[in-house]
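A short worksheet on the structure shown next.
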Amino acid sequence: MTHLTSAELIDIVEGTLDASPQQHLDTCTECRQQVADLAGVLSEALAVAVPEPSPLFWGQLSQRVRTAIDTEPLAAGGWSRWLRWPVLAPIAALALIVVALAVSLPREVPMESAVANSEAAASTLDDGFAVVADLVGDFDWETAVSAGLIVAPGAADRAVLELTALEQQELTRLLQAELTRAKS
Amino acid sequence: MTHGTAVRIAWAPAVTAGWTVTVVTPDAPDATATGCFGMDDAALVAASIDGRREAFDVIVERHRRTVYQVCYRFVGNHEDASDLSQESFVRAWRGLKTFKGHSTLSTWLYRIAVNVCLNRVSLKTLPTDSIESTDHFEDTRVEGAQAALLRAERAATVRKAIASLPKKQRATLVLRTYHDLSHQQIADILGSSVGATKANFFHALANLKKLLGREP
Ligand SMILES: [Zn+2]
């Protein structure tokens, strides 16, 4: 007789059992004994808690970690430092302007103009926003999407693609005004 | 990052001047140190990589009990568990940039803690925590001091037996029994298969039974 495998025995102890091992179990006292032994020792192990350390210990552990890593600077850098909330909202908004203008401009207008427009628009804002505008200029659509910048999908996207030049200007003005308001 | 920032445009096609534009920002975490407490794990990781150590403090505070308990189960004594916990968080700090967010932060920290424990060449001490220092005597009036003492002695014996299991068996037993990780999660952490994890768990329990059978 072929007895149950260790994996099958564990499945039985944990209650995730197929029908065929159960049939064997019904006829095999040896495997039934194994299951009972495993369940017994598991139950005993489960009953043993980790002793609670002194309440002061947790603060001490945090302090020890802090002291240990204080000597290990973790160099900041890369695009991840832009994943900060105060930066994300304006990036998303400006990315929308760039993309909307770039996509909707007539073919003879070079792409750079669209980016330049957005940078010029942002230049009225403070230095921090100028940095953001630079960044937006570097952002491609894939990066923006993969970084979690979600431009509202659906009707608004389609609408933006159909804007006239005047409408684009007005949209840009409204976005600027809104961003300035949100920032203050 | 799981958060999204949306720019919502209400557009009236017939009226050019009729737009309203709203920048919608989901509840943004406070930029101050105390503001880190409201951040989720992903945001804390990003802030830590950004050089904000107070964000990593919050990660430590949030996960230190779990990490300590994994380590304690592994070694069976407070002193080594403290050292291993500290080492686990230091390694987490060093490796933060490698955390891709494919798993949860807690699973990632489990992996680090288990590896720190597995790689520990030799323990400074055997499980030696005395019963008196580690076990609380609850309900002594009800069940009697004698029974409480026996229970505490037995618990110490079980801990000692677990801490003496072969390392992979110990890791599997600890993660499966006390931290409720699935066999798949454990297999991922240990770099093995689900079948191997179940076999490890089986042998861990079988060995534990043998060890406990020798010590009443
Ligand atoms: Zn059998």
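The values are calculated or read from the model by the stated rules, or taken from the named source; none is laboratory data. Here the structure is a predicted model, which means the values were calculated and not measured. Virtual Cβ from ideal backbone geometry, glycine too; neighbours counted across all protein chains shown.
The table for this structure:
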item: Total residues in the range B:171-185, condition within 12 Å of another protein chain (Cβ to nearest Cβ), in contact with a helix residue (DSSP H, G or I) (Cβ under 8 Å, 6 or more places away or on another chain) and over 16 Å from residue B:67 (Cβ atoms); result: 5
item: Residue count, the range A:20-48 (criterion: more than 10 Å from the ligand (Cβ to nearest atom) and under 24 Å from residue B:184 (Cβ atoms)); result: 9
item: Unmet criterion (only one of (1) modelled with pLDDT of 95 or more; (2) more than 11 Å from chain A (Cβ to nearest Cβ)) for residue B:194; result: (2)
item: Filter result (out of contact with any helix residue (DSSP H, G or I) (no Cβ under 8 Å at 6 or more places or on another chain) and over 23 Å from residue B:211 (Cβ atoms)) within the range A:6-37; result: A:15, A:16, A:19, A:20, A:23, A:26, A:27, A:28, A:29
item: The range A:25-76: number of residues that are within 30 Å of residue B:165 (Cα to Cα) and either more than 7 Å from chain B (Cβ to nearest Cβ) or of a type in the set (Lys, Arg) (or both); result: 21
item: Residue ID - farthest from the ligand (Cβ to nearest atom), chosen from residues in the range A:1-19 that are of a type in the set (Gly, Ala, Ser) and at the interface with chain B (Cβ under 10 Å from one of its Cβ atoms); result: A:7
item: 2 or more residues closer than 14 Å to residue B:120 by Cβ: qualifying helices (runs of 4 or more DSSP H) within the range B:30-99; result: B:53-75, B:78-95
item: Subset of the range B:46-90 (residues that are of a type in the set (Gly, Ala, Ser), more than 7 Å from chain A (Cβ to nearest Cβ) and under 14 Å from the mean Cα position of the chain (by Cα)); result: B:81, B:88
item: Those residues of the range A:1-24 which are surrounded by 16 or more Cβ atoms within 10 Å (Cβ to Cβ) and at pLDDT below 90, in sequence order; result: A:17, A:21
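Here's the yes/no breakdown for (1) modelled with pLDDT of 55 or more; (2) in contact with a helix residue (DSSP H, G or I) (Cβ under 9 Å, 6 or more places away or on another chain):
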| residue | (1), (2) |
| --- | --- |
| A:50 | yes, yes |
| A:67 | yes, no |
| A:86 | no, yes |
| A:96 | yes, yes |
| A:102 | yes, yes |
